[in-house]
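Scroll down for the structure; my scribbles are underneath it.
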Amino acid sequence: MSTVFTTLDTPAGPLLLAASDGVLTRVWFGRPDPSWRPGPLPGAAEQMRASLAGERHRFDLPWRSAGTPFQERVWAALDGIPYGHTVTYGTLAERVGAPRDRIRAVAAAVGANPLLVVRPCHRVVGSDGTLTGYAGGLDAKRHLLTLEGALQDALFP
């Protein structure tokens with residue numbers, strides 16, 4: 001299975017998209033694996049550009065993630081967070097049936113999401129609404145939430 005990648009320049013920084021056999025497997029702000037080769041991902045790149053321009057609110061492309069059953073359950077719950085809204089880690093824990101003492105495990109699963117933006121882990125915030133952790137960095141998270149209208153700059157300078 002050969003993995004190809006492309007990098008998009010975004011206001012939040014370079015965003016890498018990777019796919020294997022035409023299926024998106026990784027989206028993140030970072031560097032490609034050295035074993036991957038550059039290649040076009042026109043459908044994914046086009047949808048990502050439209051999303052980052054505020055013109056697209058959902059992705060319509062094949063993707064695959066490979067996590068533990070718990071991670072997959074948390075990542076699937078991310079799909080249910082509507083565009084322009086946020087939820088707390090505690091709320092997300094409740095949605096996946098995790099007890100309150102497992103919020104850190106939920107947060108770790110959110111942080112391990114391999115499909116940033118596509119699976120909207122940036123929409124998960126701290127219990128008081130503060131921006132906490134994001135694999136792409138807090139500036140990228142702030143940018144994405146502001147783009148979606150889920151963040152008021154006056155509240156989070």
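The values are calculated or read from the model by the stated rules, or taken from the named source; none is laboratory data. As the structure is a prediction and not an experimental result, all values here were calculated from the model. Cβ sites come from the backbone with ideal geometry, for glycine too, and all protein chains shown count toward neighbours. Quick note on the areas: whole protein, heavy atoms, side chains included, nothing else; ligands and nucleic acids left out. Shrake-Rupley method; radii C 1.70, N 1.55, O 1.52, S 1.80 Å.
Loop-located GluC sites (Glu not before Pro) in the stretch 1-88 (DSSP state not H, G, I, E or B) with no more than 14 neighbouring Cβ atoms inside 10 Å: 55. Remark: accessible surface ordering of 81, 103 (largest first) is 103, 81, probe radius 1.4 Å. Within the chain, antiparallel bridges make up roughly 65 percent of the DSSP beta bridges whose residues both belong there. Counting only heavy atoms of the protein chains and using a 1.4 Å probe, residue 35 has close to 90 Å² of accessible surface. What the stretch 7-152 shows is 50 Å² of accessible area per residue, with the surface traced by a 1.4 Å probe over protein heavy atoms.
Do the sum for the chain: with -39,500 (n - 2.57) for every DSSP H run of n ≥ 4, divided by all residues, what is the mean residue ellipticity at 222 nm, to the nearest 500 deg cm²/dmol? Value at 222 nm, helices only: -9000 deg cm²/dmol.
The mean sequence separation of alpha-carbon pairs under 8 Å and at least six residues apart, normalised by the residue count of the chain, gives a relative contact order of 22 percent.
The apolar share of the surface of the chain, taken as the fraction of accessible area on carbon and sulfur atoms (1.4 Å probe, ligands and nucleic acids excluded), comes to 52 percent. Taking trypsin sites (Lys or Arg not before Pro) as exposed when DSSP calls them loop and at most 14 other C-beta atoms lie within 10 angstrom, the chain has its longest site-free stretch at 65-157.
Report the net charge of residues surrounding residue 19, where surrounding means a beta-carbon distance below 11 angstrom and charges are Lys +1, Arg +1, Asp -1, Glu -1. Value of the local net charge: +1. Here the calculated FRET efficiency for residue 128 and residue 108, from their Cβ-Cβ distance with R0 = 25 Å, stands at 0.80, rounded to the nearest 0.05. Taking Cβ atoms as reference points and 12 Å as the exclusive limit, the residues near residue 116 contribute a net charge of +4, counting Lys and Arg as +1 and Asp and Glu as -1. Within the shell of other residues whose beta carbon sits under 14 angstrom from the beta carbon of residue 42, the net charge comes to -1, with Lys and Arg scored +1 and Asp and Glu -1.
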